[in-house]
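To start, the structure itself, in structure tokens.
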Amino acid sequence: MSACDDVSVPTPGTPLPAALIPDCTKQEAHHAAYRSAKTNDAIFVCIARQGSRWKVELDAPASSGPTIPDQAVAVLQSAVEVLVSDGTVTRANIAPDYISIWAIESEQKAREIAAAFHAATQGLRQLYIAVPVPRRKV
């Protein structure tokens, strides 16, 4: 039974532990997990097998919260650069509303990375809500 068979999404703003990150290798599992994230106003996170490796995906627009500010994206980007430089992953895309990380060797490592980035994204979003970054006047 995959995590998507019985999608359990915690209270919005609460990160998922690694064991509960849905395996969305199958398209129907991806749709179910994404729908559940939208219904629960949560940041979507999943892992998926791609050949012999794994991919991590996070999608903030699944929830109605604010987009992650550029300063926070820089923190996430720095973490990804370390993962790429040490060979844990081969590629990643980081944007204020989407994170995708590829070619992770094992499901366990993909879950660990997904849970860490989900927790960081949730935490940075909560920090941004509590302490808004001043906007520059143009």
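Quick notes
- Take the conditions (1) closer than 19 Å to residue 110 by Cβ; (2) touching a residue at least 40 places away in the same chain (Cβ under 8 Å); residue 29 misses just one of them, which is (2).
- Being under 16 Å from residue 13 (Cα atoms) and either open to solvent by 70 Å² or more (accessible area, probe 1.4 Å) or in contact with a Cys (Cβ under 9 Å, 6 or more places away or on another chain) (or both) holds for only one residue in 47, 68, 129, and it is 129.
- So residue 39, is it out of contact with any helix residue (DSSP H, G or I) (no Cβ under 9 Å at 6 or more places or on another chain) and either among the small types (Gly, Ala, Ser) or surrounded by fewer than 17 Cβ atoms within 10 Å (Cβ to Cβ) (or both): yes
- Residues within segment 50-59 that are open to solvent by 40 Å² or more (accessible area, probe 1.4 Å) and not in a loop (DSSP other than H, G, I, E, B), tallied: 2
- Of the criteria (1) touching a Gly at 6+ places or on another chain (Cβ under 9 Å); (2) open to solvent by less than 10 Å² (accessible area, probe 1.4 Å), which one residue 62 fails: (1)
- Of all the criteria given as (1) at pLDDT 95 or above; (2) in contact with a helix residue (DSSP H, G or I) (Cβ under 7 Å, 6 or more places away or on another chain), the one not satisfied by residue 31 is (2).
- In segment 86-125, the residues that are touching a Pro at 6+ places or on another chain (Cβ under 7 Å) and surrounded by 23 or more Cβ atoms within 10 Å (Cβ to Cβ): 118, 122
- Inter-residue pairs, beta-carbon under 9 Å, first within 16 Å of residue 45 (Cα to Cα) and in segment 55-75, second in a strand (DSSP E or B) and open to solvent by 40 Å² or more (accessible area, probe 1.4 Å), 6+ apart: 55/49; 55/102; 56/102; 57/98; 58/98; 59/98; 60/98; 61/98
- Enumeration of residues in segment 70-85 that are of a type outside the set (Gly, Ala, Ser) and in contact with a Pro (Cβ under 9 Å, 6 or more places away or on another chain): 70, 73
- Residue selected from segment 91-116 under the condition modelled with pLDDT of 95 or more and either of a type in the set (Phe, Trp, Tyr) or assigned to a loop (DSSP other than H, G, I, E, B) (or both), by the criterion nearest to the chain's Cα centre (by Cα): 102
The values are calculated or read from the model by the stated rules, or taken from the named source; none is laboratory data. All of these numbers come straight from a predicted model, not from anything done at the bench. Quick reminder, even Gly has a Cβ in these numbers, built from the backbone with ideal geometry, and neighbours come from all protein chains shown. Note: areas computed on protein heavy atoms with side chains; ligands, DNA, RNA excluded. Shrake-Rupley method; radii C 1.70, N 1.55, O 1.52, S 1.80 Å.
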